[in-house]
Every structure is written in structure tokens, then in C-alpha cells.
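Reading through the C-alpha cells given below for one structure.
The values are calculated or read from the model by the stated rules, or taken from the named source; none is laboratory data. Just so you know, these numbers come straight off a predicted model, no measurement behind them. FYI the Cβ positions are ideal-geometry reconstructions off the backbone, even for glycines, and counts take in every protein chain you see. For accessibility, only protein heavy atoms count, side chains too; no ligands or nucleic acids. Shrake-Rupley method; radii C 1.70, N 1.55, O 1.52, S 1.80 Å.
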Amino acid sequence: MKPARLALSLALCAARLPGQSRAAQLVDSARVQLAANHADSAAALLRVALDSSTGATTGERVNALVWEGIVQFVKGDEAGTRAAFLEACTLDGGLDVKGLDQMSHQLSQIFQEEKAAAIRRKAVYVSGDVDDPPRRLSGPPIAYPPILLRRHAQGFVEVTAVIDTTGRPEASSVEVLSTPDSALIGPAKQMMLATQFTPGHRKGAAVRVMVQMNVDVRPPRMDATELTGRARAELAAGNADSAQRLLDIALDTVLTHPTDGERLYALLVRGIAASRAGLDSAARVNLDSGVALYKNLTARGVDLAPFLRRLADSVRLAGRGRKPPGSTMPAPTAFGTLSEQPVLVSHPTIHYPPEMQALRIAATVVVQATLEASGHVDPLSLKIVKTPNHAFDQEALRVVRESEYIPAKNAGRAVRVVIRQPISFVNY
């Protein structure tokens, strides 16, 4: 488009009226510059007038945009003219500029076209009234809130939004019409706002279209083994309550569909977690259920992971006291012919070696020692006869050295014997 020479029949006023705003003064100055054929100077003044720092009112901004369109037309920039007119008409849907046709029929025609485009922009159609309705291109699913996991909330969420001419949902238009649970309202809106659509078209032009989505929301399928592993980590950090919540989910058949082995794992760890939290009754129920399931599975010849067998054995060997694994030891084995076997009376707390924390494995170490007739262990006789990792050895030797026994007896007399004492380590 070539630069145009216009008969500027729109009223020009060079005088500055008292109380006139800075934006209005800048527009008046731009009009004077344009009348003098200084289009570049007029454009510069209008840019300042349209800057947010001038604090222009909506009406002043519309006026400045109209003159910006005229200036761009004079400079031969039709795209700039259309952009300015479109923004002005968007701000003021009833805008009518007198005198444009007297300046240039083409300029007036451009204004009318952009005014019609602004009206189309503001109009909202439904999918059935357009030639090409919006289609979903991409976007995330509805994020299932953790708070709903135990409620098993599921069903269809109906959400509507106006899709603009770029294919983006307009934030103020997003609305959830129905949902199986109010906790899904926020995630449903976030899903819609993060979704990209193709723009809707009517008669070849992009238009705003209201769409409705029906999204089937189901609880996520979760992994019972992974949840139980996370619960063990929480227990190791001293967070028994957090561990309990994870284990409740791990044992939820709707959410995880656990196998028998996974149920066994979660029951045993939940029993230990309950014991740590001081919930003795809950601990007893879970540990009893776990041990019963373990016996059933082993009787059926079910192949269980070695770590799970060790954990189950350590719980089973903990005895009727139901103390957590790691705080008790099984009975020792004595060599020789005896009328009464030695009995373990007490032992110090068993500490899981810090350097093994990252592995989180269960382990059993066997220590051999000479048990004196007094019921105390000869510290010089201690030695490791079986260990899965030497990182456990020093702690195992310490525990046996500080343990107390009722001595073995033969013919009613306490005697000195060699014993083998297993120590179970479980990382909790």
C-alpha cells in the first residue's frame, strides 16, 4: 500500500483546553503533526499517548487508537491500520467515526471491516452454529486429588468454556456444570485452562465458541509395592502417621488390586507402623493377619521374594510380645548334651547400621560365643559364623556381648557351653 494523502476533514484542534489530560494533549499534538504531513512525528506522539504510564481513560485510548489507524494508513501500513482500528472497536463495540469516508473511501472500508471483526470476536457461538467447531489438540487429564483416594470418587465431570479465536479457553468462562465430588472442581478447571483447541470458524472467520467436555474421572491405579516401600521410608524417618496413610492405600483393593504377596508385605509393615505409633491392638491385628497369610502362602508353595520371607520370619520370630522386628532375638542354639537349654533373658536394642540405610535390607547374622555358667558371654570367644554383609558384624557382636542368659544346665547344674545366637536386622 502506497502512502496516502488525505483531506483531513476531521476536526483538528491545536489549542490545549484547560484541565486536559496528558493523553488527550498528546493526541491533539499528533493531529497537528499529521495535518502538517509529519506522520512519523504524529506516530511517535500517539505511541506515548497509548503507553500505560499516561493513565489514559478508555475513551482517550479509543481516540488515540483511531488516530493511530489513520496515521498508519497515511504511512502506507494497512496491517497497522487494521490492528489499531480492531483494538479500538474491541474496546468500544459501538464506536462510529464520522468523516473517515471523506478522508478516504478505502480507509472507511477498512474501519467497517475491522468493526465487524471486533463484533465477531465478542459474539459467542455454540458448536452447532459454526461451520468448524473447536477440537481438542492437547492437554492434561484431570489430576485426581489425593484427598479423594479413600472416597473412591469417580464419574463424569462436565465442564464448559468459551474458546477464543486462538484456540485457548477464556479463563473467566470456565465453569464446572456437574461433578461426582466438589474436590474435582479445581482440577477440572485447571485441566480446561491447560488445554489447546483448534479455533472455531464460521463463514471462514475464526470466532469464539462455547464448548462442553464430559470427562470420565476414575481413581488412579496405584502400585501396592511402591506404596509400601514409601511407607518404610517414612517409618525410617520417624513418620509413623504418614506411613500408616500410605499403607491404608496400599491395602485398598479398589486402588491397588494387591496380590497376596503385596498384601502380606503391606500388612506386616502396617503392623510395625501401628506398633511404632503406640497402637498395640492395631499392630496385633495386622501382624497376626500377616503371619497367617505368610503361613498360608508358604503352605501352598507360593514363591515369595527373599526379602519378604526374611521380613515375615523376623515378625514371626518376634514372639507373642508383638514388639517390632529388630527389638527381639530368637532363642540361642547350644552345642552338647544338656538337660536344659540356655534361655535369652535380655539384650540391648539392636541398631541398624547407618551405612546400610540406603539398601534397606533385612539381614540375619549368626554369632558363636562361649556362654559361662554365670549366664554371661565370654567376650573373647565371640565370632561371626554367618553374615550377609560385614557391615552388620560389629553391631551383632555388641548385642551378643551385652546380652544376658539363664545358663544351660546338665543334671541340674549350670554349665559352660558354646552357643550360636542369630540376630535379625530390619531397617525400620
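Quick look at the numbers
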item: 0 to 90° range, to nearest 10: angle between helix 39-50 axis and the chain longest Cα axis; result: 50
item: Carbon + sulfur, % of accessible area of the chain - ligands and nucleic acids excluded, 1.4 Å; result: 51
item: Estimated vicinal HN-Hα couplings, Hz - the stretch 200-210 in sequence order (Karplus 6.51, -1.76, 1.60; Gly, Pro = x); result: x, 10, 9, 6, x, 9, 5, 9, 7, 9, 7
item: Angle in degrees between helix 280-299 and the longest Cα principal axis of the chain, rounded to the nearest 10; result: 80
item: Å³ per residue enclosed by the Cα convex hull of the stretch 85-126; result: 54
item: For the stretch 179-235 and the stretch 111-130, distance of Cα centres in Å; result: 30
item: All lysines inside 28 Å of residue 203 as judged from Cα atoms, apart from same-chain residues fewer than 8 positions distant; result: 115, 122
item: Mean separation of Cα contacts under 8 Å, 6 or more apart, over the residue count of the stretch 154-199: relative contact order %; result: 45
item: Residue-count net charge about residue 109 - beta-carbon cut-off 15 Å; Lys, Arg +1, Asp, Glu -1; result: -3
item: Candidate aspartates and glutamates for bridging to residue 189, where Cα separation is under 12 Å - those fewer than 8 sequence places away on the same chain excluded; result: 158, 170, 175
item: From the coordinates shown, Rg/Rh (Cα atoms, Kirkwood Rh) corresponds to which of (1) 0.99; (2) 0.97; (3) 1.39; result: (3)
item: 30 Å Cα-Cα reach of residue 295 towards lysines, excluding residues that sit fewer than 8 places from it in its own chain; result: 323, 386
item: Per-pair calculated FRET efficiency, R0 = 60 Å: residue 223 and residue 406 via Cβ, rounded to 0.05; result: 0.80
item: Label-point separation in nm, residue 203 to residue 253, each point 7 Å along Cα→Cβ; result: 6.2
item: Cα-Cα pairs of the stretch 329-425 separated by more than 24 Å (percent); result: 21
item: Whether the stretch 62-134 is rounded, prolate or oblate, judged on the alpha carbon gyration tensor where a/c under 1.5 counts as rounded; result: prolate
item: Taking the chain and dividing mean pair separation by its residue count, relative contact order in percent (alpha carbons under 8 Å, at least six apart); result: 9
item: 1.4 Å probe accessible area per residue over the chain, in Å²; result: 50
item: The chain, helix-only ellipticity at 222 nm - DSSP H runs n ≥ 4, -39,500 (n - 2.57), divided by all residues, nearest 500; result: -12500 deg cm²/dmol
item: Rg followed by Dmax, in Å, when the stretch 35-90 is reduced to its Cα trace; result: 10.7, 30
item: Sum of side-chain charges, residue 154 neighbourhood, beta-carbon under 9 Å (Lys, Arg +1; Asp, Glu -1); result: -1
item: Gyration tensor (alpha-carbon) shape descriptor, the stretch 165-215, a/c threshold 1.5; result: prolate
item: Inter-site label distance for residue 338 and residue 96 at 7 Å from Cα along Cβ, in nm; result: 11.2
item: Top positive-direction residue, dipole computed over the chain with Cβ charges, set 341, 365, 89; result: 341
item: Amide H contacts of residue 217 (H built 1.01 Å from N, under 5 Å, at least 5 apart or other chain); result: 155, 156, 157
item: Between helix 224-236 and the chain: long-axis angle, C-alpha atoms, 0 to 90°, nearest 10; result: 70
item: Separation in nanometres of the label points that stand 7 Å from Cα toward Cβ, at residue 420 and residue 277; result: 4.0
